[in-house]
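Worksheet for the structure shown next.
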Amino acid sequence: MNMNNREIALKNLSAQEFTLWEMHLYLDTHPDDLRFVERYNKNKMKYSVMKNEFEEKYYYLTAESAEGVEWLKGPWPWENEECGC
Amino acid sequence: MFSYEKKLQYPVKIKNPNPLYAKIIISQYGGPDGELGASLRYLSQRFSMPYNELKGLLTDIGTEELGHLEMIGAIVYQLTKNLSEEEIKKSGFDAYFVDHTTGVYPAAASGVPFTAAYLQSKGDVITDLTEDLAAEQKARTTYDNILRLVDDPDVREPIKFLREREIVHFQRFGEGLRLATDKLDSQNFYAFNPSFDKNCNK
């Protein structure tokens, strides 16, 4: 899979978000694991920084943070520039 | 409420369209063990879940399944881009094409449209979680079957990611079932239904 800079940045951001999400699910069934909560919070800070960097450089990711032209700007997640779709 | 994030959980970038693959993979969009059924199952069952851990778990996994539905939609969309009429006829995609062109429609690979009969919301914590465990395994088998039939690494990578999620969800649901039975009468888990009966927790 050939990826441009934006796609690489998005993949890194998604990987960090995935780490967080996986920890979040674990904590649903292990809510008393406080050491794990600490690790979760560290990862969460890292994710926030990465998300801000991505949004400043490329586009906003959530409907709450953008509207009109800013929100409508592509590519949408299912689009793939390589095949012109 | 729900809010949208303009990204996929795992990237989908398919170079070569392939209508035969689309015809198979659409089953995980609207087929018997697909992602639409999964999200509706968990997001519906959560209302009658008796314990906070389980309300959280079903909300979170149900939400993740909506993200998987979007990934499958993206795979089918990219696999059916820029097709010639010849390719559509040759691949057997013509049966889908005549009804939906290249729109993404929730149906099984056999063409049967999505139905809520694929899922249950029984209002009983043990019953519902046992269904959820089975559902994750059925979806895992479907992804294994897709991987037997698909060679293109651009398609296999996101499918392999989704397959792994079924295994993780199975693990979490198993822990959820254990959490539930730990709160019940160890002599008889079925003495009462904590999703329905009042004041029954030890």
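Starting from the Cα gyration tensor of the range B:126-184, multiply each eigenvalue by 5, take the square root, and state the resulting semi-axes largest first in whole Å. Could you put the intermediate results ahead of the total?
Working: eigenvalues 175, 21, 5 Å².
Listed largest to smallest, the semi-axes of the range B:126-184 are 30, 10, 5 Å.
From the protein chains alone at 1.4 Å, what is the descending order of accessible area for B:Glu157, B:Glu64, largest first? Show your work: numbers first, answer last.
Details: B:Glu157 70, B:Glu64 10 Å².
If we order B:Glu157, B:Glu64 from most to least accessible, we get B:Glu157, B:Glu64.
So what's the projected area for the range B:1-145, the Cα convex hull averaged over all directions, in nm²?
Spelled out: convex hull of the Cα atoms, projected over all directions, averaged, 9.4 nm².
So, in Å, what gap is there between the alpha-carbon centers of the range B:44-79 and the range A:9-85?
Each part reduced to its Cα centre gives a spacing of 17 Å.
Rounded to the nearest 10 Å², what accessible area does B:His100 show when all protein chains are kept and the probe is 1.4 Å?
50 Å²
Give a quick list of chymotrypsin sites (Phe, Trp or Tyr not before Pro) in the range B:1-73 that DSSP marks as loop, anything other than H, G, I, E or B, with at most 10 other Cβ atoms within 10 Å.
Details: sites: B:Phe2, B:Tyr4, B:Tyr21, B:Tyr29, B:Tyr42, B:Phe47, B:Tyr51; in loops: B:Phe2, B:Tyr4, B:Tyr51.
Sites meeting the loop and neighbour criteria: B:Phe2.
With θ set to phi - 60° and the Karplus curve 6.51 cos²θ - 1.76 cosθ + 1.60, what are the ³J(HN,Hα) couplings of the range B:109-117 in order, to the nearest whole Hz, using x for Gly and Pro?
Once rounded to whole Hz, the list reads 4, 6, x, 5, x, 4, 9, 5, 5.
What does the helix-only formula give at 222 nm for the protein assembly as shown: each DSSP H stretch with n ≥ 4 adding -39500 (n - 2.57), the total divided by the residues, and the result rounded to the nearest 500 deg cm²/dmol?
Values: 11 runs with 172 residues, N = 287.
After summing the helix terms and dividing by residue count, I get -20000 deg cm²/dmol.
For the range B:1-56, take the alpha-carbon Rg, divide it by the Kirkwood Rh, and send me Rg/Rh.
With Rh from the inverse mean 1/r over Cα pairs, Rg/Rh is 1.11.
Once the whole set of protein chains is in place, how much accessible area is left on B:Ile167, using a 1.4 Å probe, in Å² to the nearest 10?
The accessible area comes out at roughly 80 Å².
Dipole of the range B:20-96 (Lys/Arg Cβ +1, Asp/Glu Cβ -1, origin at the Cα centre): which of B:Ile26, B:Leu36, B:Phe47 lies farthest to the positive side?
With unit charges placed on the Cβ atoms, the residue in question is B:Phe47.
Just to confirm the filter: which GluC sites (Glu not before Pro) across the range A:1-84 are DSSP coil and have at most 14 other Cβ within 10 angstrom of their Cβ? Display every interim value, and only then the final one.
Values: sites: A:Glu7, A:Glu17, A:Glu22, A:Glu38, A:Glu53, A:Glu55, A:Glu56, A:Glu64, A:Glu67, A:Glu70, A:Glu79, A:Glu81, A:Glu82; in loops: A:Glu64, A:Glu67, A:Glu79.
Answer by residue number: A:Glu64, A:Glu67.
Along its principal axes, what span do the Cα atoms of the range B:38-101 show, with the longest given first and each in whole Å?
Computed over the range B:38-101, the largest-to-smallest principal extents equal 55, 18, 13 Å.
Taking the Cα centre of chain A as the origin and placing charges on Cβ (Lys, Arg +1; Asp, Glu -1), which of A:Phe18, A:Ala66, A:Asn80 is farthest toward the positive end of the dipole?
Ranked along the dipole, the leading option is A:Phe18.
Can you compute the equivalent ellipsoid semi-axes for the range B:66-193, i.e. the square root of 5 times each eigenvalue of the Cα gyration tensor, sorted largest first and rounded to whole Å? The partial results should precede the final answer.
Numbers: eigenvalues 290, 56, 22 Å².
Calculated on Cα positions only, the semi-axes equal 38, 17, 10 Å.
I'd like the trypsin sites (Lys or Arg not before Pro) in the range B:49-133 restricted to DSSP loop residues with at most 11 other Cβ atoms within 10 Å, sorted by number.
On the way: sites: B:Lys55, B:Lys81, B:Lys89, B:Lys90, B:Lys122; in loops: B:Lys81, B:Lys122.
Passing both the DSSP loop test and the Cβ count: no residue.
From other protein chains only, count the Cβ atoms within 10 Å of every residue's Cβ in A:74-81, then give the mean. Provide the component values of the computation, followed by the final result.
Numbers: counts 1, 1, 3, 13, 11, 6, 10, 1.
Partner Cβ neighbours, averaged per residue: 6.
Threshold 50 Å², probe 1.4 Å: give the residues of the range B:1-41, in number order, that are less accessible with all protein chains present than with their chain alone.
B:Tyr4, B:Glu5, B:Lys6, B:Lys7, B:Pro11, B:Lys13, B:Lys15
Heavy atoms only, probe 1.4 Å: what % of the accessible area of the range B:1-123 goes to carbon and sulfur, would you let me know? Write out the running numbers ahead of the final one.
Working: 2910 of 5330 Å².
So the carbon and sulfur contribution to the accessible surface is 55 percent.
Can you give me the accessible area per residue for the range B:106-202, using a 1.4 Å probe, in Å²? Show your work: numbers first, answer last.
Numbers: 5170 Å² over 97 residues.
On a per-residue basis, 53 Å².
May I ask you to give the percent of accessible area on chain A that is carbon plus sulfur, with a probe radius of 1.4 Å? List each step's numbers first, then the result.
Numbers: 2890 of 5360 Å².
The value for chain A is 54 percent carbon and sulfur by accessible area.
At a temperature of 4 °C and a viscosity of 1.567 mPa s, determine how fast the protein assembly as shown diffuses translationally according to Stokes-Einstein, using the Kirkwood radius over alpha-carbon pairs as Rh; express D in µm²/s, rounded to the nearest whole number. Could you put the intermediate results ahead of the total?
On the way: Rh = 20.6 Å.
Estimated diffusion coefficient is 63 µm²/s.
Let me know the Rg and Dmax you get for chain A when you use only its Cα atoms, in Å.
Over chain A's Cα set, Rg and Dmax evaluate to 15.7, 49 Å.
Nearest 100 Å² is fine: what is the total accessible surface buried where chains B and A meet, probe 1.4 Å?
3100 Å²
The values are calculated or read from the model by the stated rules, or taken from the named source; none is laboratory data. Everything numeric in this text was worked out from a predicted model, so none of it was measured. Cβ atoms come from the backbone with ideal geometry, glycine included; neighbour counts cover every protein chain shown. These area figures cover heavy atoms from the full protein model, side chains too; ligands, DNA and RNA do not enter into them. Shrake-Rupley method; radii C 1.70, N 1.55, O 1.52, S 1.80 Å.
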